Amino acid sequence: MEGRPGRAAVVVLVSGTGTLLQALLDAATDPAVPFRVAGVVTDRPDAGGLDRARATGVPTAVVAPKDFPDRAAWDDGVARAVRVFAPRLVVLAGFMRILGAAYLAEFGDRTVNTHPALLPSFPGAHGVRDALAHGVKVTGTSVILVDAGTDTGPIVAQRAVEVRDDDDEASLHERIKVVERELLVDVVSRMTAHGWQVTDRKVRLA
Ligand code: GRF
């Protein structure tokens, strides 16, 4: 199944535990799903996502900033690691770094990021905490196309999640991630099967 020709190659970038990556790996075990996870790239040698990839036999690459002389060289290293897998789509699934000019020039037209809030509200590294602190009653998850900003790219899809009175950051984030995993699999399936169009920031999935 993995590696079978004919399905769209997807590269997943992770920094953390990788439960969103796991959802993509699990979905791809169904041969009817239009994508396969061709490779996993991380900035952190200790990322849990690496074990998940290895357990499924998916090739991995570690591109740690400390192994590069500067940011531009690291950015170039990420592009090189991704290029190996010739992806139709790149998914940032809990990847906690901003990608720079070299990466965006090559893959910016086919990279999505998933964020645990309803953008444009609460961008940045603490979307769940910030939404909770603001006292919103509804938050959710957004899948966006990446651009040079922090969570500013065109919105591909969103789903809402209600905030409960007794929520803390962990409980709310976990409920968001349940929705986020399902949304991400759906979006990646649709984008790889049929493509997408962007007009004046409006993304249409074919
Ligand atoms: C997700 O909520 C994602 O939106 C955010 O980081 C989380 C990743 O979770 N950027 P996991 O590591 O896949 O469990």
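The values are calculated or read from the model by the stated rules, or taken from the named source; none is laboratory data. The structure presented is a predicted model; accordingly, all values stated were derived computationally and were not measured. Accessible surface areas use protein heavy atoms only, side chains included; no ligands, DNA or RNA. Shrake-Rupley method; radii C 1.70, N 1.55, O 1.52, S 1.80 Å.
Taking the DSSP beta bridges in region 8-205 as the whole, what percent of them are antiparallel, to the nearest 5?
45 percent
Please list the equivalent ellipsoid semi-axes of region 129-206, computed as the square roots of five times the alpha-carbon gyration tensor eigenvalues, in descending order and whole angstrom.
Semi-axes (√(5λ), whole Å): 27, 15, 9.
Of the heavy-atom accessible surface of the chain (probe 1.4 angstrom), what whole percent is carbon and sulfur?
53 percent
Roughly what angle does helix 169-194 make with the longest principal axis of the chain, taking Cα atoms, 0 to 90 degrees, to the nearest 10?
50 degrees
Per residue, how much space in cubic angstrom lies within the convex hull of the C-alpha atoms of region 24-92?
86 Å³
Using a 1.4 angstrom probe, figure out how much accessible area the chain has per residue, in square angstrom, rounded to the nearest whole.
47 Å²
What ranking of His126, His134 comes out by heavy-atom accessible area, probe 1.4 Å, highest first?
The ranking, largest first, comes out as His134, His126.
Can you list the aspartates and glutamates whose alpha carbon is less than 18 Å from that of Lys66, not counting same-chain residues fewer than 8 positions off?
Of all the aspartates and glutamates, those that pass the test against Lys66 - Cα under 18 Å, at least 8 places apart if same chain - are Asp43, Asp46, Asp75, Asp76.
In degrees, nearest 10, range 0 to 90: what is the angle between the Cα axis of helix 19-28 and the longest Cα principal axis of the chain?
The answer is roughly 60 degrees.
Among the lysines, which have Cα under 18 Å from the Cα of Lys177 when same-chain residues fewer than 8 positions away are ignored?
Result set, ordered by chain and number: Lys137.
Would you kindly calculate the translational diffusion coefficient of region 8-205, applying Stokes-Einstein with the Kirkwood radius from alpha carbon pairs, for 4 °C and a viscosity of 1.567 mPa s, and quote it in µm² s⁻¹ without decimals?
76 µm²/s
Order Leu132, Leu183 by their accessible area, 1.4 angstrom probe, all chains in place, largest first.
Leu132, Leu183
At 1.4 Å probe size, put Thr42, Thr29 in order of accessible surface, largest to smallest.
Thr29, Thr42
Summing -39500 (n - 2.57) over the DSSP H runs of n ≥ 4 in the chain and dividing by its residue number, what mean residue ellipticity at 222 nm do you reach, to the nearest 500 deg cm²/dmol?
After summing the helix terms and dividing by residue count, I get -11000 deg cm²/dmol.
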